[in-house]
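First comes the structure, then the notes that go with it.
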There are 2 protein chains.
Amino acid sequence: MARLLVMYKTPKDQAAFDDYYMRIHAPLAKKIPGLRKYEISRGRVASPAGDSGCHLVAILHFDDVEALKSGLASPEGQAAAGDLSNFASGGVDLLFFDTNEI
Amino acid sequence: MARLLVMYKTPKDQAAFDDYYMRIHAPLAKKIPGLRKYEISRGRVASPAGDSGCHLVAILHFDDVEALKSGLASPEGQAAAGDLSNFASGGVDLLFFDTNEI
């Protein structure tokens, strides 16, 4: 399996971010070909130090990194990526990788 | 469900990190009470820009954030946390949160 982690830093207007994310962005991201599972953080994103500076984390599951890259390169993936600038006013960090369960 | 993301920045000696992680740290982390599933990245941790600066990502699964906090606060959790300074020479970022599948 592979994972795409999308970490949204705290935006200027959190309520507007949440509304846009669920209403517009998540439906776009759900259309990415090869997406097997889509999880998002619920409530506070914390760190051991307390405030994490992160507002929302999305974990998108794909079969492997090749499928993930193909999904992101597809028109649907490009539409989702292109939508980030419409709401991710605090910035966003993305990481992707294959995984092993140990 | 809840997730603990542990993101290790690129260490000084990657081979020594990998050896220590699998031989010493992972067995310590596996003892954390309430841990339901333990995944680690395999191969390169990438970002859309290319190099991510991240060497390894661990995703630890717990039933909820309360179980996660209890696990981290336990002697086994404290032992795993205390071990980080023995090998995470590039630094480490931790985030934890409850999740919803959407």
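What follows is calculated from the coordinates using simple rules that are stated; it is not laboratory data. Keep in mind the model is a prediction, meaning the values are calculated, not measured. For neighbour counting, all protein chains shown are included, and Cβ atoms are generated from backbone atoms with ideal geometry for every residue, glycine included.
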Per-residue [θ]222 nm for the protein assembly as shown (sum of -39500 (n - 2.57) over DSSP H runs n ≥ 4, rounded to 500): -7500 deg cm²/dmol
Placed amide H near A:Val92: partners under 5 Å, 5+ positions off or other chain: A:Lys9
About the Cα centre, charge dipole magnitude for the range B:2-98 (Lys/Arg +1, Asp/Glu -1 at Cβ), debye: 180 debye
Pair B:Asp51, A:Ala49: separation of 7 Å Cα→Cβ label points (nm): 2.3 nm
Listed pairs A:Lys37/B:Lys9; A:Lys31/A:Lys69; A:Lys30/A:Lys69 exceeding 18 Å between Cα atoms: A:Lys37/B:Lys9
Net lengthening on full extension, B:Asn100/B:Ala73 (0.36 nm per residue, minus Cα-Cα): 7.3 nm
Pairwise centroid distance, computed over Cα atoms, of the range A:26-102 with the range B:47-92, Å: 19 Å
Column: log10 I(q)/I(0), Debye, Cα scatterers of the protein assembly as shown, q = 0.15 Å⁻¹: -0.95
Of the trypsin sites (Lys or Arg not before Pro) in chain B, those whose Cβ has at most 13 other Cβ within 10 Å and which sit in DSSP loop: B:Lys12, B:Lys30, B:Arg36
Average silhouette area of the range A:2-98, convex hull of alpha-carbon atoms, in square nanometres: 6.0 nm²
